[in-house]
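This report refers to the structure that appears directly beneath it.
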Amino acid sequence: MRIDIGVDLHTTQFTVYARGEEKLGVNGQYLTNEEGYMTFLRKLGAWTRSGHDVRIGVESTGNTRYFKHRMEEKGYPVIVINTMKFKVIHESVKKTDKHDAATIAEFLSKDMLPESRLCSEASEHLRRLLKVRSTLVRARVTVKNQIHGLLVSMGMKDTKASLQSTRGRQKILDTLAGAGNGLVVQPLVATIDRLSENVKAIEGEIEKLVAGDKVVELLQTIPGCGPITASSIRAYTDDIQRFANHKKYASYAGLAPWVQCSNETEHYGRITKRGPEELRTAFVQLVMGIRRSRQSASWRLMERYEAMKRVKGSGKSIIATARKLSRIVWVMLTRGEEFNVSLMTDRKLESGAKSMRTSTVTLSA
């Protein structure tokens, strides 16, 4: 007999509901500490020893990876729910932990749960580093904007590049010190220096983590693709083999347009923006990097970009080009092939879609 268990997982506790052919009468709460997990595992062990097969369904949250690891190391399979495709709980008029767990158990028993795939631990660690770097960079930009505003209010000439280097920041401090306003900006400049040091340290750690990684090396063969952009695509793609074609990859990145077809009418809207925002941003940055590359001016891809930009503006043109680049990246990673200008042609891409896939390389330890 099989027992399907729905779990409503929270930060401090989780609620379970067990469903089987016979009435089990099990719906309880457990703390998310060692004692709570051990109590729950003892209950699962009792069911297993009595001849039951146990399956567990849980929504994807911040501590789902840890919960899944604790269960699977004892041999209990866990299905992580794709919350974007499972709206039953969020749209329910009866919103309690017990009811949510029971709903998960019911759909699990009917094999109707949309499953979400967790990335590898190496990719997860790389994602954390990239998020920390992004937070530090945004904080640095905020401080720089404050300094720019102060300088303008003092009637001083200012450029965006004046705060980019240590020498430029020191020049501003010297100028303000002569006018008796050095103490106003000095703490902000010191903050920029500290943030820059932290960003540099994070980037060094990222560089060590992806050293020798085949995927990152392939991505950096694209002109204008730097180590951070390549690492971002690497981390949020994880395993290219799970995408059957380039359309699924573009859809995962949220670069596919919204579409609604009914009868004889077809409506296409903006991109869905579903999937990792960081991956979508990385492709946008890749477009801008290629655009700054001198050798890309004659490429058909960039010629189309410039033509579209004149008609539809830069925003839509960048997104459309990013979607095309996701197709090129899919072919590169699937085939293990370095970037080549011939990848811009449709015939080359179609042949890449039909070719046998090569296995991707995992992040080096």
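Some points to look at:
- Every residue from the stretch 256-278 that is assigned to a helix (DSSP H, G or I) and free of Cβ contacts under 8 Å to residues at least 24 places away in the same chain: 277
- Of the helices (runs of 4 or more DSSP H) lying entirely inside the stretch 158-237, those containing at least 3 residues that are among the small types (Gly, Ala, Ser) and touching a residue at least 40 places away in the same chain (Cβ under 8 Å) are 227-237.
- Residue 157 meets each of the listed conditions (1) modelled with pLDDT of 95 or more; (2) outside the structural domain of residue 293 (by TED's automatic domain parsing) apart from (1).
- Subset of the stretch 238-247 [among the aliphatic types (A, V, I, L, M) and touching a residue at least 40 places away in the same chain (Cβ under 8 Å)]: 240
- Of all residues making up the stretch 86-118, the number that are loosely packed, with under 12 Cβ neighbours inside 10 Å, aliphatic (A, V, I, L, M) and in contact with a helix residue (DSSP H, G or I) (Cβ under 9 Å, 6 or more places away or on another chain): 1
- Exclusive hit being of a type in the set (Ser, Thr, Tyr), out of contact with any strand residue (DSSP E or B) (no Cβ under 9 Å at 6 or more places or on another chain), assigned to a helix (DSSP H, G or I) and modelled with pLDDT under 90, set 251, 351, 326: 351
- Annotation note: of 67, 40, the sole residue that is under 23 Å from residue 84 (Cβ atoms), aromatic (Phe, Trp, Tyr), buried (at least 18 other Cβ atoms within 10 Å of the Cβ) and in the same structural domain as residue 101 (by TED's automatic domain parsing) is 67.
- Entry remark, the stretch 83-117: residues being in contact with a strand residue (DSSP E or B) (Cβ under 6 Å, 6 or more places away or on another chain) and without any contact (Cβ under 8 Å) to a residue 60 or more places away in the chain number 4 in total.
- Flag if residue 253 is surrounded by 15 or more Cβ atoms within 10 Å (Cβ to Cβ), over 22 Å from residue 301 (Cβ atoms), touching a residue at least 60 places away in the same chain (Cβ under 8 Å) and aliphatic (A, V, I, L, M): no
- Scan the stretch 202-239 for residues that are within 13 Å of residue 123 (Cβ to Cβ) and among the charged types (D, E, K, R) and the total you get is 4.
- Any hit, the stretch 66-80, residues being hydrophobic (A, V, I, L, M, F, W, C) and at pLDDT below 95: no
- Selected residue (only one of 18, 46 is more than 26 Å from residue 124 (Cβ to Cβ) and either crowded, with 17+ Cβ neighbours inside 10 Å or polar (S, T, N, Q) (or both)): 18
- Of all residues in the stretch 115-137, those satisfying the criterion of being within 15 Å of residue 203 (Cα to Cα) and not small (Gly, Ala, Ser) are 125, 126, 127, 128, 129, 130, 131, 132, 133, 135, 136, 137.
- Listing of strands (runs of 3 or more DSSP E) fully contained in the stretch 1-110 that carry 1 or more residues being among the polar types (S, T, N, Q): 13-19, 27-31
- For the stretch 252-286, the tally of residues that are in contact with a helix residue (DSSP H, G or I) (Cβ under 7 Å, 6 or more places away or on another chain), farther than 17 Å from residue 85 by Cα and not aromatic (Phe, Trp, Tyr) stands at 8.
The values are calculated or read from the model by the stated rules, or taken from the named source; none is laboratory data. On a predicted model such as this, the values are computed, not experimentally measured, just so you know. Ideal geometry is used to build each Cβ from the backbone, glycine not excepted, and the neighbour counts take in all protein chains shown.
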